[in-house]
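Notes follow once the structure below has been shown.
The values are calculated or read from the model by the stated rules, or taken from the named source; none is laboratory data. These numbers were taken from a predicted model, which means no experiment stands behind them. Heads up, the Cβs are rebuilt from the backbone with ideal geometry, glycines too, and the neighbour counts pull from every protein chain shown.
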Amino acid sequence: MGLPLVNQFLAQGYALVRILSALKIKSSTYYNWRHWQPSRQEKRRESLKPYILDVWKTFKFYGYCRIAAYSHLNNDCPKISEYMTLKLMRELGIRSRMQKRYCKPKTVVTVDQKPLIIHSDMGSQYTSAEFNIKCQNYGLKHSYSLKGHPYDNGRMEAFHSILKREEVYLKAYQTLTQVQAAIGWYINFYNRNRISNVA
C-alpha cells in the first residue's frame with residue numbers, strides 16, 4: 001500500500017483528496033492508518049523481544065522451547081509461552097544455533113577418573129596397535145563399545161554429542177587453555193544451569 005507516500009505528497013503541497021484518489025486509497029483507510037495505536041497485546045509483544053534477544057545472545061544454542069522454559073524458571077523475567085517465543089524469534093530473525101550432528105570419528109577423553117580413560121568407537125584407527133601403544137605411552141586406558149553393543153556407553157556418547165553441538169562446534173579456539181576453560185565452563189553449566197527437560 002502507498003500509505004507512507006500520502007504524507008510525502010502532502011508535504012509537497014498536494015491536496016489530500018487528490019492524493020487518495022490517485023493512489024486508490026479510501027479516506028477511512030488513510031485515517032485509520034494515521035491514527036493507529038498499538039494494542040496492549042502488540043505493546044507486550046514488542047516489550048518481550050529484547051528479553052528473548054538477550055537470552056538468545058547468552059545461550060545461542062537455545063531454541064524457542066528452552067527460551068520459553070528459561071522464562072518460567074527465572075523470576076526476574078516475564079513468562080512467555082513456547083508459541084509466542086517461536087513467533088517472536090521468527091520476527092527477530094533468530095533461531096537456535098545448535099549445530100546438527102555429523103559423522104566424525106568418535107573419540108573422547110574422560111578426565112574425572114584415574115587412570116585417564118579414552119573412549120572411542122571400534123573404528124580401525126582406534127583398534128590399531130599403534131593407537132594402543134600411544135595410549136599406553138600417555139598413561140591412558142582405552143575403552144570402547146563392544147561390537148554390536150552401541151549402547152554400552154550411551155549416556156556418555158549423548159553428553160559428548162551435546163557438548164560438541166552446543167559448545168565446541170560454535171567456537172574457534174586458539175589455544176589449548178581456551179579449550180580447557182570453555183569445556184570446564186560448559187560442564188559446570190550443563191550440570192547446574194542447562195535446561196534439559198526439553199532437550
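Every residue, every condition in (1) surrounded by 12 or more Cβ atoms within 10 Å (Cβ to Cβ); (2) basic (K, R), yes or no:
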| residue | (1), (2) |
| --- | --- |
| K24 | no, yes |
| Q37 | no, no |
| Y51 | yes, no |
| H72 | yes, no |
| C77 | yes, no |
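Can you tell me which residue within the range 26-70, out of those that are in contact with a helix residue (DSSP H, G or I) (Cβ under 7 Å, 6 or more places away or on another chain) and more than 20 Å from M89 (Cα to Cα), is modelled with the lowest pLDDT? Result: W33.
Y144 - would you say it is surrounded by 15 or more Cβ atoms within 10 Å (Cβ to Cβ), out of contact with any Lys or Arg (no Cβ under 7 Å at 6 or more places or on another chain) and modelled with pLDDT of 85 or more? Considered against the rule, which asks whether it is surrounded by 15 or more Cβ atoms within 10 Å (Cβ to Cβ), out of contact with any Lys or Arg (no Cβ under 7 Å at 6 or more places or on another chain) and modelled with pLDDT of 85 or more, Y144 comes out as no.
In the list T58, T85, which residue meets the criterion of being of a type in the set (V, I, T) and surrounded by 14 or more Cβ atoms within 10 Å (Cβ to Cβ)? Let's see the steps before the verdict.
On the way: T58 fails: surrounded by 14 or more Cβ atoms within 10 Å (Cβ to Cβ).
The match here is T85.
Among the residues of the range 90-113, some residue qualifies, meaning at least one is aliphatic (A, V, I, L, M), in a helix (DSSP H, G or I) and either at pLDDT 85 or above or in contact with a Phe, Trp or Tyr (Cβ under 6 Å, 6 or more places away or on another chain) (or both).
Within the range 129-141, does at least one residue satisfy the condition of being in a loop (DSSP other than H, G, I, E, B) and at pLDDT 65 or above?
The answer is yes, given that some residue of the range 129-141 is in a loop (DSSP other than H, G, I, E, B) and at pLDDT 65 or above.
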